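Heads up: the structure comes next, in structure tokens.
The values are calculated or read from the model by the stated rules, or taken from the named source; none is laboratory data. Just so it is clear, the structure is predicted and the values come from calculations on it, not from any experiment. All Cβ positions, glycine included, derive from the backbone under ideal geometry; neighbour counts span all protein chains shown. Surface areas here come from the heavy atoms of the whole protein model, side chains and all, with no ligands, DNA or RNA. Shrake-Rupley method; radii C 1.70, N 1.55, O 1.52, S 1.80 Å.
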Amino acid sequence: MSNILEMRGIEKSFPGVKALNNVNLAVREGEIHAIVGENGAGKSTLMKVLSGVYPHGSYSGDIVYKGEVRAFKDIRDSEHLGIIIIHQELALVPLLSVMENLFLGNEQARGGVIDWEQSYVRAKELLAKVGLKESPLTKVGDLGVGKQQLIEIAKALSKEVKLLILDEPTASLNESDSDALLELLLELKRQGIASILISHKLNEISKVADSITVLRDGTTVDTFDCRAEPISEDRIIQHMVGREMADRYPQRDPKIGEVIFEVRDWRVHHPLHSDRLAIKDVNMTVRAGEIVGIAGLMGAGRTELAKSIFGRAYGKKITGQAFLHGKEVDLSTIEKAIDKGIAYVTEDR
Ligand SMILES: Nc1ncnc2c1ncn2[C@@H]1O[C@H](COP(=O)(O)OP(=O)(O)OP(=O)(O)O)[C@@H](O)[C@H]1O
Ligand SMILES: [Mg+2]
């Protein structure tokens, strides 16, 4: 099978960082090609080079797409040829409707006037293609991330995509939303659309990928052909980190001390619907030297709990007590929380 895309000897620097150093990538017509690598390996940068976010001239090496060397000036240039990228951070406008988002920058117009009827009909068709039954008039902000991701793909389909690039599409999706998205990728593949899938979830990659390219420190390490032989996760990880994996989860010997932080009967009401409880009577202790995981499905209240503790950055009518080193503390503003030595790293990068 021939290649739809070849990236040859790609190099790209930022001030003080060589993000890409001699990267080679070959994607075959109609395949699902996974790109894996540790954080900072250069995956997103490579895709931004490919899609023209970093224009020709700002990197060295060649992009050969459909048999010709290309010099994309911007993202419109690559979109024009059917290369569509869905970025790690979603780019939909939450206050606009699904339909308005689908055609943003590509409005369905007649004689300079937006044709809403036509937009509605086209939007319905596109939503059906990604398996969504929502009305085109639904506000995007009212949909969960799983559905928003599908809308990004519907948007890609409206532009006659030939090569779809997904940068960690399932990172914030729950299992059933992830499955739906992977199913859709397989369906697009049946229609002859090639995709590049960046993901840290190796089990998902094993499910759908035809090839896997591993990046490490800005360089291609290897490409595996999954159709030739099954590739084990351990082998992929070994290439990602560059050393033999004796233990995937090495034995640790943490020094756990006294309880230094505690939350008692923590209750938080929803910021907009103040009769609704977002957090209901949470109790939690954290010991010195301990890493405490907070698990739960999307919408279970993990982020809301953390934010509400950190200076009431989320929620209304917050009740309950917080203790530091056994003494009750006032964490009612972000300033006070920081003063007490608490820091917060947000989920949105
Ligand atoms: N705009 C930028 N300016 C400066 N340095 C950057 C920029 N974008 C990326 N880098 C650096 O380039 C390297 C590659 O980053 P990149 O975002 O491509 O990694 P990644 O493989 O996508 O990582 P992740 O899995 O965390 O998304 C990193 O060292 C990063 O800090
Ligand atoms: Mg990235």
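Quick one: which residue in G105, G146, G112, G141 is closer than 27 Å to L181 by Cα, free of Cβ contacts under 8 Å to residues at least 12 places away in the same chain and either loosely packed, with under 14 Cβ neighbours inside 10 Å or away from ligand 1 (no atom under 16 Å from the Cβ) (or both)? Explain how you work it out, then say what you get.
On the way: G146 fails: free of Cβ contacts under 8 Å to residues at least 12 places away in the same chain; G112 fails: closer than 27 Å to L181 by Cα; G141 fails: free of Cβ contacts under 8 Å to residues at least 12 places away in the same chain.
G105 is the lone residue from the list that is closer than 27 Å to L181 by Cα, free of Cβ contacts under 8 Å to residues at least 12 places away in the same chain and either loosely packed, with under 14 Cβ neighbours inside 10 Å or away from ligand 1 (no atom under 16 Å from the Cβ) (or both).
In segment 57-102, which residues are among the polar types (S, T, N, Q) and in a loop (DSSP other than H, G, I, E, B)?
So the first thing to find is which residues in segment 57-102 are among the polar types (S, T, N, Q), and the list is 58, 60, 78, 88, 97, 101.
Selection gives S58, Q88.
In segment 184-213, which residue that is in a loop (DSSP other than H, G, I, E, B) and within 16 Å of ligand 2 (Cβ to nearest atom) is least open to solvent (accessible area, probe 1.4 Å)? Reasoning before the result, please.
Pass one, segment 184-213, residues in a loop (DSSP other than H, G, I, E, B): 191-193, 199-201, 209-210.
Those left that are additionally within 16 Å of ligand 2 (Cβ to nearest atom): 199-201.
Numbers: S199: 5, H200: 77, K201: 63 Å².
By that ranking, first place goes to S199.
Looking at segment 68-86, can you tell me whether even one residue there is under 17 Å from I10 (Cβ atoms), within 16 Å of ligand 1 (Cβ to nearest atom), assigned by TED's automatic domain parsing to the domain that holds K147 and aromatic (F, W, Y)?
No - not one qualifying residue is present in segment 68-86.
Are there any pairs with C-beta distances below 9 angstrom linking a residue in segment 313-326 that is of a type in the set (F, W, Y) to a residue that is not in a strand (DSSP E or B), with the two at least 6 apart or on different chains, and if so which?
Within 9 Å, the pairs are Y314/P271; Y314/T303; Y314/E304; Y314/L305; Y314/A306; Y314/K307; Y314/S308; F323/V329.
Checking A171 against (1) over 26 Å from D77 (Cα atoms); (2) open to solvent by less than 20 Å² (accessible area, probe 1.4 Å); (3) within 16 Å of ligand 2 (Cβ to nearest atom), which single condition isn't satisfied?
Single failed check for A171: (2).
Since L50 meets every condition but one in (1) within 15 Å of ligand 1 (Cβ to nearest atom); (2) more than 14 Å from L5 (Cα to Cα), which condition does it not meet?
(2)
When you scan segment 14-35, how many residues do you find that are within 9 Å of ligand 1 (Cβ to nearest atom) and either crowded, with 24+ Cβ neighbours inside 10 Å or more than 22 Å from the chain's Cα centre (by Cα) (or both)?
Step one: of segment 14-35, the residues within 9 Å of ligand 1 (Cβ to nearest atom) are 14-20, 35.
Checking the rest, the ones that are also either crowded, with 24+ Cβ neighbours inside 10 Å or more than 22 Å from the chain's Cα centre (by Cα) (or both) come to 14-18, 20, 35.
Here the count works out to 7.
Could you please let me know if D74 is without any contact (Cβ under 8 Å) to a residue 24 or more places away in the chain, farther than 30 Å from T219 by Cα and surrounded by fewer than 16 Cβ atoms within 10 Å (Cβ to Cβ)? Give the steps one after another, and end with the answer.
Details: without any contact (Cβ under 8 Å) to a residue 24 or more places away in the chain: yes; farther than 30 Å from T219 by Cα: no; surrounded by fewer than 16 Cβ atoms within 10 Å (Cβ to Cβ): yes.
Answer is no for this residue.
Residues V140, V121, V145, V161: which one is modelled with pLDDT of 85 or more and out of contact with any strand residue (DSSP E or B) (no Cβ under 8 Å at 6 or more places or on another chain)? Full working, then the answer.
Details: V140 fails: out of contact with any strand residue (DSSP E or B) (no Cβ under 8 Å at 6 or more places or on another chain); V145 fails: modelled with pLDDT of 85 or more; V161 fails: out of contact with any strand residue (DSSP E or B) (no Cβ under 8 Å at 6 or more places or on another chain).
On inspection, the qualifying residue turns out to be V121.
What's the number of the only condition in (1) within 14 Å of D210 (Cβ to Cβ); (2) of a type in the set (A, V, I, L, M); (3) within 24 Å of the chain's Cα centre (by Cα) that I4 fails to meet?
Status for I4: all satisfied but (3).
Please tell me if G57 is away from ligand 2 (no atom under 16 Å from the Cβ), assigned by TED's automatic domain parsing to the domain that holds L126 and either surrounded by 18 or more Cβ atoms within 10 Å (Cβ to Cβ) or over 27 Å from G40 (Cβ atoms) (or both).
Values: away from ligand 2 (no atom under 16 Å from the Cβ): yes; assigned by TED's automatic domain parsing to the domain that holds L126: yes; either surrounded by 18 or more Cβ atoms within 10 Å (Cβ to Cβ) or over 27 Å from G40 (Cβ atoms) (or both): no.
No, not satisfied.
Picking from L181, L95, L166, which residue would you name as being surrounded by 14 or more Cβ atoms within 10 Å (Cβ to Cβ), aliphatic (A, V, I, L, M), in the same structural domain as S211 (by TED's automatic domain parsing) and more than 16 Å from ligand 2 (Cβ to nearest atom)? Don't jump to the end; show me each part of the working.
Details: L95 fails: surrounded by 14 or more Cβ atoms within 10 Å (Cβ to Cβ); L166 fails: more than 16 Å from ligand 2 (Cβ to nearest atom).
That would be L181, the only listed residue that is surrounded by 14 or more Cβ atoms within 10 Å (Cβ to Cβ), aliphatic (A, V, I, L, M), in the same structural domain as S211 (by TED's automatic domain parsing) and more than 16 Å from ligand 2 (Cβ to nearest atom).
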